[in-house]
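Okay, structure first, notes after.
The values are calculated or read from the model by the stated rules, or taken from the named source; none is laboratory data. Model, not experiment: these values are computed from the prediction. Cβ placement follows ideal geometry from the backbone for every residue including glycine, while neighbour counts extend to all protein chains displayed.
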Amino acid sequence: MAFYIIFRGGIIVSKHKRLIGVLLEYRKLKRRVEAIDIQLEYNQQAIDYEVPRVQGGGSCDPVYDVVERRLDSKLAREKEEKERIIDLIEVGLGVLDKEVELPLIEAKYLQDSVERDNMIYNSSSFPYSASQYYRVKKRALEKLEESIGDLI
């Protein structure tokens, strides 16, 4: 049974809901990966696990070392998952038409702020009628769904 979300000018099948949510998170995912990189680099500089510990001289807290390694491991796993999603999005964007579909998807979903549809199709960047805009948008979402929808 398919559910539909109706909006002015057309219908989008709700199967695109997850895909749209991931596209809207794209910039946030990229910023989070950058932040994790910074933290992991800082942690590695603060405690270098490759250098053997010298017995004696300083105090050592084995519990702290275990916790620190777990945090690094957790961050590394989070980074890996977010990079996987980013890579999938970028591969999916590669299937879109570079002159029509890609700019539309970028303007609608990959910006820091979400634009309303009418703000996009009324702009000089997209010389489409409203109905053409919705047809292109639907086709682009279907291509993305087909290429990466089941993987995200």
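Details
- The helices (runs of 4 or more DSSP H) found wholly in the stretch 38-144 and carrying at least 3 residues that are at pLDDT below 90 occupy 62-93, 117-121.
- Members of the stretch 101-136 that are more than 19 Å from the chain's Cα centre (by Cα), of a type outside the set (A, V, I, L, M) and surrounded by 16 or more Cβ atoms within 10 Å (Cβ to Cβ): Asp117, Tyr121, Phe126, Tyr128, Tyr133, Tyr134
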